[in-house]
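J.: Handing you this structure, nothing more for now.
The values are calculated or read from the model by the stated rules, or taken from the named source; none is laboratory data. Here the structure is a predicted model, which means the values were calculated and not measured. Ideal geometry is used to build each Cβ from the backbone, glycine not excepted, and the neighbour counts take in all protein chains shown.
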Amino acid sequence: MIRMEKVCKSFGALQVLKNIDLSVAKGEVVCIIGPSGSGKSTLLRCLNHLERITSGRVYIDGELIDERIDGKDQLKISHKRVAEICAEVGMVFQRFNLFPHMTVLQNIIEAPVTVKKMPKQEAIDLAVELLKKVGLEDKKDEYPSRLSGGQQQRVAIARALAMKPKIMLFDEPTSALDPELVGEVLEVMKELAREGMTMLVVTHEMGFAREVANRVVFMDKGEILEEGTPAEIFSNPKHERTKSFLQKVL
Amino acid sequence: MSLEKIIASVPILLVGSLRTLELTIISVFFGMILGLFLALGRLSKNVIIDKICWFYIWLFRGTPLLMQIFFIYYALPMIYKPLTFNDITSAFIALALNSGAYLAEIIRAAIQSIDKGQMEAAKALGMSYRQAMFRIIVPQSYRRLIPPVGNEFIALLKDSALVSSIGMTELMRTTAQISNATASAVIYIPSAALYLVMTTLFTLVFEKLEKKYSVYE
């Protein structure tokens with residue numbers, strides 16, 4: 001579903017991703033853990049063109065969506081096609097990024113109606129169904145500012161799902177939440193994982209990674225240092241830096 | 001000048017006021033459209049478009065409005081004959097072009113003040129830059145636009161008095177004519193009051209609008 005080959009990314013002189021090779025199979029749930037500033041979020045953002053890579057290749061669902069050599073664009077496909085592929089990659093942000101001028105329902109139907117040209121009624125039916133799924137059908141006419149952080153994040157998940165994505169990216173989805181609201185968001189994500197959604201999750205929730213992930217990837221200073229099953233990573237980390245990181249967070 | 005005479009000239013003043021209002025509203029309307037495109041141009045990644053818009057704003061903010069009015073009314077026809085406009089059209093053009101420059105900077109600032117995460121969320125949902133701008137970013141800037149656009153309305157309403165210099169009979173010129181005809185300056189008092197009434201009107205309308213667009217915050 002996702003394949004990154006030798007991906008490097010620099011912001012000026014600062015190299016944030018170094019030779020990343022990563023693939024995620026269909027239906028797999030992969031959690032990326034690691035200290036702040038290790039490039040986890042940047043890696044995620046390279047998968048839907050929120051950041052462009054400096055060199056390497058990125059494939060989504062078998063299709064090449066980014067290729068650069070020394071910062072030079074090698075990509076042959078049109079902007080339109082890139083946008084179409086990226087629309088199949090749902091993303092949930094740390095700070096929710098709901099559209100504040102729209103109600104919950106409008107937030108969810110916006111992209112299906114404007115991007116996919118879905119008939120409005122169909123989009124509304126879909127939105128209501130998704131809101132039921134995240135347990136917020138009674139909030140459909142509220143503005144986001146009236147919701148708690150946990151509720152906003154659940155709406156953001158529903159909004160991403162409305163595009164019927166093949167892959168869901170989660171960028172520290174619970175880091176901006178009050179501790180007592182984390183659980184409700186993780187529940188929704190677990191439900192998605194059970195349904196077989198392909199998920200790539202950057203998280204500090206070790207409990208979630210241990211319970212839900214098929215594979216855990218440890219990143220530090222822009223490199224993938226270690227990957228394996230949750231049991232391997234959490235019980236028997238091989239790399240020194242993984243050990244010291246896990247000691248601090250567990 | 002007697003009180004009766006002043007009362008008798010009120011209808012003429014009111015006609016002048018209507019002209020002033022018409023000038024203000026129509027000019028700001030076209031100025032807004034122009035300003036929106038100038039603002040988007042200034043935010044464009046295309047350096048040439050950015051520079052052209054920058055130049056336009058630099059030119060129209062950096063020269064006196066009165067000079068722009070004179071230029072359009074007197075100088076343009078000398079440069080190129082088909083560009084001859086009557087006083088009304090010249091007035092509208094000058095005020096719209098001038099307010100467009102100021103509004104462009106107002107709109108650009110409002111757009112830039114919107115959280116970057118909004119554009120990212122829109123892109124992540126597959127929206128194009130244009131869709132994201134017109135569906136997500138620009139609508140959110142409305143509320144932040146209201147106070148400075150209110151200012152611009154009031155400023156332009158008063159600046160519109162400058163077009164009396166090319167012979168357009170709006171409130172200012174009407175007042176001056178009455179004053180000349182009656183050899184008395186008393187008429188400036190009700191005229192000033194009418195300007196105040198109009199600016200107050202705009203103030204109230206914009207306060208209402210601000211409330212209306214604040215519902216989601």
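J.: Within segment B:83-102, how many residues are touching a Gly at 6+ places or on another chain (Cβ under 9 Å) and hydroxyl-bearing (Ser, Thr, Tyr)?
T.: Quick first cut of segment B:83-102, residues touching a Gly at 6+ places or on another chain (Cβ under 9 Å) only: B:87, B:95-102.
Next, only the ones that are hydroxyl-bearing (Ser, Thr, Tyr) stay: B:99, B:102.
Of the residues in that region, 2 qualify.
J.: Considering only segment A:107-118, how many residues are more than 8 Å from every other protein chain (Cβ to nearest Cβ) and either touching a Leu at 6+ places or on another chain (Cβ under 9 Å) or crowded, with 20+ Cβ neighbours inside 10 Å (or both)?
T.: 5
J.: Go through segment A:205-236 and report how many residues are basic (Lys, Arg) and free of Cβ contacts under 8 Å to residues at least 40 places away in the same chain.
T.: The number of residues fulfilling the criteria is 1.
J.: Name the helices (runs of 4 or more DSSP H) wholly within segment B:33-139 that hold at least 3 residues that are surrounded by 15 or more Cβ atoms within 10 Å (Cβ to Cβ)?
T.: Counting at least 3 such residues, we get B:47-62, B:65-70, B:87-112, B:116-124.
J.: State whether one or more residues within segment A:53-73 are buried (at least 22 other Cβ atoms within 10 Å of the Cβ) and touching a Lys or Arg at 6+ places or on another chain (Cβ under 6 Å).
T.: Yes, because at least one residue in segment A:53-73 is buried (at least 22 other Cβ atoms within 10 Å of the Cβ) and touching a Lys or Arg at 6+ places or on another chain (Cβ under 6 Å).
J.: While we're on this one: When you scan segment A:126-223 for strands (runs of 3 or more DSSP E) that lie fully inside it, which ones turn up with 1 or more residues that are more than 13 Å from every other protein chain (Cβ to nearest Cβ) and surrounded by fewer than 22 Cβ atoms within 10 Å (Cβ to Cβ)?
T.: Result: A:215-220.
J.: Among all residue pairs at least 6 apart or on different chains, which show Cβ distances below 8 Å where the first residue, located in segment B:132-154, is within 14 Å of another protein chain (Cβ to nearest Cβ) and the second is buried (at least 20 other Cβ atoms within 10 Å of the Cβ) and of a type in the set (Lys, Arg)?
T.: B:Ala132/B:Lys123
J.: Here's something else I'd like to know. Please identify the pairs in which a residue from segment B:93-111 that is over 16 Å from B:Trp54 (Cβ atoms) and in contact (Cβ under 8 Å) with a residue 12 or more places away in the chain has its Cβ atom under 6 Å from the Cβ atom of a residue that is in a helix (DSSP H, G or I) and of a type in the set (Phe, Trp, Tyr), counting only partners at least 6 apart or on another chain.
T.: Final answer for the pair search is B:Ala96/B:Phe30; B:Asn98/B:Phe60.
J.: Taking segment A:86-99, which residues are surrounded by 20 or more Cβ atoms within 10 Å (Cβ to Cβ) and out of contact with any Lys or Arg (no Cβ under 8 Å at 6 or more places or on another chain)?
T.: Once the filter is applied, which keeps residues that are surrounded by 20 or more Cβ atoms within 10 Å (Cβ to Cβ) and out of contact with any Lys or Arg (no Cβ under 8 Å at 6 or more places or on another chain), segment A:86-99 yields A:Gly90, A:Met91, A:Val92, A:Phe93, A:Phe96, A:Asn97, A:Phe99.
J.: OK, next. B:Met168 versus (1) in a helix (DSSP H, G or I); (2) modelled with pLDDT under 95; (3) within 30 Å of B:Tyr74 (Cα to Cα): which is the lone unmet condition?
T.: With (1) in a helix (DSSP H, G or I); (2) modelled with pLDDT under 95; (3) within 30 Å of B:Tyr74 (Cα to Cα) applied to B:Met168, the lone miss is (1).
J.: For segment B:147-163, does any single residue satisfy the condition of being crowded, with 22+ Cβ neighbours inside 10 Å, closer than 30 Å to A:Thr114 by Cα and touching a strand residue (DSSP E or B) at 6+ places or on another chain (Cβ under 7 Å)?
T.: No; the residues of segment B:147-163 include none that is crowded, with 22+ Cβ neighbours inside 10 Å, closer than 30 Å to A:Thr114 by Cα and touching a strand residue (DSSP E or B) at 6+ places or on another chain (Cβ under 7 Å).
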